[in-house]
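Report on the structure given below.
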Amino acid sequence: MREPPQPTRIEQQMAGMSLKAMPADLPTHCAVGCKRNAQGYTETWIGYKLHLVERVNARINDDFGARRIQVRGHAKVLAHLMFGVLALTAEQLMRWLI
């Protein structure tokens, strides 16, 4: 009989890991990883990958307007992106409360 698989890092964090324990849980060794993207090309990276950060960036790009910014100037672009971050944060808070 097989042993049950170890929970993933995200599953461990969702199970109640404290915020102070999360950075300590990240790997410190230099690892090499690769994956095949949607176009069929292989992407490689050195170090560990923060999947949560990638998901947040993808959501802001896809759902909150960061992919096509149609304003000029540093302050306007920053305001546009921060409104996207604010909207994403509000959406996540509403999911936790409801």
- Query: Which ones in segment 4-50 are assigned to a helix (DSSP H, G or I) and loosely packed, with under 10 Cβ neighbours inside 10 Å?
  - Reply: PRO23, ALA24
- Message: Against the condition at pLDDT 90 or above, out of contact with any strand residue (DSSP E or B) (no Cβ under 6 Å at 6 or more places or on another chain) and within 23 Å of LEU19 (Cβ to Cβ), how does ALA79 come out, does it pass?
- Response: no
- Note on the structure: Residue pairs within 6 Å by beta carbon, gap of at least six or interchain, first lying in segment 27-38 and under 14 Å from ARG9 (Cβ atoms), second among the basic types (Lys, Arg) and assigned to a strand (DSSP E or B), listed first then second, are none
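Answer yes if at least one residue in segment 51-63 is assigned to a loop (DSSP other than H, G, I, E, B) and either modelled with pLDDT under 80 or surrounded by fewer than 10 Cβ atoms within 10 Å (Cβ to Cβ) (or both), and no otherwise.
For segment 51-63, residues assigned to a loop (DSSP other than H, G, I, E, B) and either modelled with pLDDT under 80 or surrounded by fewer than 10 Cβ atoms within 10 Å (Cβ to Cβ) (or both): absent.
The values are calculated or read from the model by the stated rules, or taken from the named source; none is laboratory data. Every value quoted in this text rests on a predicted model; they were computed, and no experiment measured them. Cβ coordinates were reconstructed from backbone atoms using ideal geometry, including for glycine residues, and neighbour counts include every protein chain displayed.
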